[in-house]
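What follows is one structure encoded as structure tokens, with my remarks underneath.
The values are calculated or read from the model by the stated rules, or taken from the named source; none is laboratory data. A quick note: this is a predicted structure, and the numbers were derived from the prediction, not measured. Cβ sites come from the backbone with ideal geometry, for glycine too, and all protein chains shown count toward neighbours.
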Amino acid sequence: MQKSFFVTTSIAYVNSVPHIGFAMELVQADVLARYHRLKGEKVFYETGTDEHGIKIFRTAADLSMTPQEMVDKNAQRFRDLTKALSISNDFFVRTTNPDHKRGAQKIWQKMAENGEDGKKDIYKGTYEGLYCVGCEAYVLEKDLVDGNCSIHKKPPELLKEDNYFFRLSKYSAQIKELIETDKLKVVPEARKNEILNIIGEGLPDVSFSRPNSMLPWGVPVPGDESQVMYVWCDALSNYITGIGYNGDNEEQNEMFKTFWPAQVHLIGKDILRFHAGVWIGMLLSAGLAIPENIYVHGFITSEGQKMSKSLGNVVDPFEFTEKYGIDPVRYYLLKEIPTTDDGDFSKERFLGVYGSDLANSLGNLVYRVFSMNEKYFEGKIVKKALSAPATLTAPLPELIARYHASINDFDLKSALELVVKLMNAGNEHVEISKPWALAKTDMDKLAEVMYQLLELIRIIAVLLSPFIPTTAEKILAQYGESGKVSDAVGGLDTALIWGQLPEGLQLTKGEPLFPRLEE
RNA sequence: CGCGGGGUGGAGCAGUGGUAGCUCGCAAGGCUCAUAACCUUGAGGCCGGUGGUUCGAGUCCACCCCCCGCAACCA
């Protein structure tokens, strides 16, 4: 049976417009999705937007819009971002979709049914908190200044409200064990330890709903129209509602059976506790399988400083993709930002990487080799070489094995570094074998060298295709049909075997892949 | 005594017990197929500090110093 692979990003909160951090998350997940598709697996890649909650409600009011108008407008920007980055997502879930709402209500019901009478997983309780009328929200004691709300300079009121709670504490020990034993694998290790630390003292029950009167913008609690779901309950359930967990559609149920549980939830480090804690608890309560992996990436600083609107240094992903192209941005995010650690986005480094890695190492290699082949053999492949250049740091199959291992360990940066090694080896091979000299003395040897270079470039392009797909396609297109990587089972593995290019193949030389930047 | 992450050549990083590596930058040389691209060589580090474990520590232990997150927009 064909293996399935379900990968998700977190869903973006549409209170604002997208920035480079979410762009990175999309791109990282896209690499995984594309990689597994090339491996011949049945892939479903889901991303989307989180559109409920008090902040949205309030921001919309400030802008004199209805919440729906505002989320429609902002969600479109996130959809645009997937296009701007060549993201290959199969679905874009929105938590305001009727399908999603039905699914969220369904999992709520399952959870509510679980547990013995009097000790159900969802129970009614009283939430007590300090409420600031000015903020129209609960504030925490530690945020008060001299007992006053720091913004409105007035003391908050002690309010009580009825709402529902989720008995997360019941699942605390079980969740801990799942993470300890890697049945739910949290990557990297440091984040696994962190979450185990948090759970160590036991997870508390969580408030799971709000009175409609306080928060009118959310999914209604089934059977109690006076309450709406806590945003995290609503938001987390997107991972199953997006693949058809909502009950009344056969085709969608089939999809759910195929793709659940997810292989990978890709998230930022700030929301680990919700995913490794609350979400797992919800699934256990509802009797659903739990995801296999949670991959956690870090944050991006801008020019060495934390991105913030007040500093005005928020990096707009659209600005860079429009100006420099999609793949340079993808490449930077994947190679220059550590996959699971914090990294920095600086324009200077971006331009440096564009020049050295993309224009020089890769672009120039492709261009010079195709130019030579055109010059010496009219663009034809005249003789097969049986093996890769001996200048590689390790045998090609070993390098490729390490590439696969890196991707499967969610170390995308290392995988790309291996490919860069191959680019360098290609350029080195040109220097050592001196085709321009061979052209005068030994055409037979020259033909072999050209084959080695062309085959190496083809393999480089295949290896790059999950990362910078547009560029990879451009390169592979120069080989015509022989450059295609079939989506059939084992497509990627076959394409990575040395010697796929046949003798007599006519090649087409392309334009330089990454033109030198003028500034 | 809060929690977590980190301090390695000019910059950015890798390196979890056995002669300190990578990329960029810099210097010199080479080449001419190529997008002034490519290749080679070199300079540059007492691996934050102190003490300890060990035949041997950047790598383990203890203590100390410094930087960054843990409030908000936000991944």
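All conditions but one from (1) near RNA strand B (Cβ under 9 Å from one of its atoms); (2) modelled with pLDDT under 90; (3) closer than 30 Å to A:R37 by Cα apply to A:L365; the one that does not is (2).
With a requirement of 3 or more residues that are under 26 Å from A:L272 (Cα atoms) and free of Cβ contacts under 8 Å to residues at least 24 places away in the same chain, none of the helices (runs of 4 or more DSSP H) lying completely within the range A:1-85 satisfies it. Which of the residues belonging to the range A:223-260 are within 16 Å of RNA strand B (Cβ to nearest atom), in a helix (DSSP H, G or I) and touching a Phe, Trp or Tyr at 6+ places or on another chain (Cβ under 6 Å)? Listed by number, the residues that qualify are A:W232, A:L236. When you look at A:V430, is it assigned to a helix (DSSP H, G or I) and modelled with pLDDT of 95 or more, yes or no? It is true that A:V430 is assigned to a helix (DSSP H, G or I) and modelled with pLDDT of 95 or more.
Checking the conditions here, which among A:L501, A:L446 is crowded, with 17+ Cβ neighbours inside 10 Å, part of a loop (DSSP other than H, G, I, E, B) and over 32 Å from the mean Cα position of the chain (by Cα)? One residue alone meets the criteria, A:L501. Would you call A:Q263 away from RNA strand B (no atom under 16 Å from the Cβ), over 22 Å from A:R58 (Cα atoms) and within 17 Å of the chain's Cα centre (by Cα)? Here the answer is yes, as A:Q263 does meet what is asked. Screening the candidates A:F377, A:F350, A:F370 for the property of being in contact (Cβ under 8 Å) with a residue 24 or more places away in the chain and closer than 17 Å to A:G426 by Cα yields one hit, A:F370. Any chance you could count how many residues in the range A:352-396 are exposed (fewer than 15 other Cβ atoms within 10 Å of the Cβ), acidic (D, E) and part of a helix (DSSP H, G or I)? Within the range A:352-396, residues that are exposed (fewer than 15 other Cβ atoms within 10 Å of the Cβ), acidic (D, E) and part of a helix (DSSP H, G or I) number 1.
On inspection, A:A439 fails the criterion of being closer than 29 Å to A:S486 by Cβ and either at pLDDT 95 or above or near RNA strand B (Cβ under 8 Å from one of its atoms) (or both). Is it true that some residue in the range A:266-277 is within 11 Å of RNA strand B (Cβ to nearest atom) and touching a Lys or Arg at 6+ places or on another chain (Cβ under 7 Å)? For the range A:266-277, residues within 11 Å of RNA strand B (Cβ to nearest atom) and touching a Lys or Arg at 6+ places or on another chain (Cβ under 7 Å): present. Determine if the range A:210-223 includes at least one residue that is among the hydroxyl-bearing types (S, T, Y), modelled with pLDDT under 90 and buried (at least 20 other Cβ atoms within 10 Å of the Cβ). Within the range A:210-223, none of the residues are among the hydroxyl-bearing types (S, T, Y), modelled with pLDDT under 90 and buried (at least 20 other Cβ atoms within 10 Å of the Cβ). In the set A:G277, A:G304, A:G325, only one residue is farther than 27 Å from A:Y239 by Cβ and modelled with pLDDT of 90 or more; that residue is A:G325.
From the list A:E322, A:E303, pick out the single residue that is more than 9 Å from RNA strand B (Cβ to nearest atom), over 30 Å from A:D409 (Cα atoms) and not small (G, A, S).
Going through A:E322, A:E303 in turn, the sole match is A:E322.
Of all residues assigned to the range A:307-319, none qualifies as being near RNA strand B (Cβ under 10 Å from one of its atoms) and at pLDDT 90 or above. No other residue among A:V186, A:V206 is closer than 30 Å to A:D90 by Cβ and touching a strand residue (DSSP E or B) at 6+ places or on another chain (Cβ under 6 Å) apart from A:V186.
Residue by residue, here is whether (1) in contact (Cβ under 8 Å) with a residue 40 or more places away in the chain; (2) buried (at least 19 other Cβ atoms within 10 Å of the Cβ); (3) not polar (S, T, N, Q) holds:
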{"site": "A:E292", "(1), (2), (3)": "yes, no, yes"}
{"site": "A:H297", "(1), (2), (3)": "yes, yes, yes"}
{"site": "A:L311", "(1), (2), (3)": "no, no, yes"}
{"site": "A:V314", "(1), (2), (3)": "yes, no, yes"}
{"site": "A:K323", "(1), (2), (3)": "no, no, yes"}
{"site": "A:D327", "(1), (2), (3)": "yes, yes, yes"}
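From the list A:T301, A:T339, A:T258, the one residue that fits, being within 16 Å of the chain's Cα centre (by Cα), over 23 Å from A:R79 (Cα atoms) and in contact (Cβ under 8 Å) with a residue 24 or more places away in the chain, is A:T339. A:L196 meets each of the listed conditions (1) without any contact (Cβ under 8 Å) to a residue 60 or more places away in the chain; (2) farther than 20 Å from A:L284 by Cα; (3) of a type in the set (A, V, I, L, M) apart from (2).
If the condition is being away from RNA strand B (no atom under 16 Å from the Cβ) and modelled with pLDDT under 95, then the range A:13-35 contributes no residue at all.
Listed residues A:D224, A:D270, A:D234; which is farther than 24 Å from A:Y123 by Cβ and acidic (D, E)?
On the way: A:D224 fails: farther than 24 Å from A:Y123 by Cβ; A:D234 fails: farther than 24 Å from A:Y123 by Cβ.
When all the criteria are applied, what remains is A:D270.
Exactly one residue among A:V93, A:V71 is β-branched (V, I, T) and modelled with pLDDT under 95, and that residue is A:V71. Screening A:I107 on (1) without any contact (Cβ under 8 Å) to a residue 12 or more places away in the chain; (2) more than 30 Å from A:Y332 (Cβ to Cβ) shows it passes everything except condition (1). Just a yes or no: is a residue in the range A:281-293 out of contact with any Gly (no Cβ under 7 Å at 6 or more places or on another chain) and within 14 Å of RNA strand B (Cβ to nearest atom)? Within the range A:281-293 (the criterion being out of contact with any Gly (no Cβ under 7 Å at 6 or more places or on another chain) and within 14 Å of RNA strand B (Cβ to nearest atom)), the answer is no, since none of the residues qualifies. The residues listed here are A:K474, A:K484; of these, the one that is surrounded by fewer than 23 Cβ atoms within 10 Å (Cβ to Cβ) and free of Cβ contacts under 8 Å to residues at least 24 places away in the same chain is A:K484. When each of A:P220, A:P216, A:P204 is tested for being touching a Phe, Trp or Tyr at 6+ places or on another chain (Cβ under 8 Å) and more than 11 Å from RNA strand B (Cβ to nearest atom), the lone residue that passes is A:P216.
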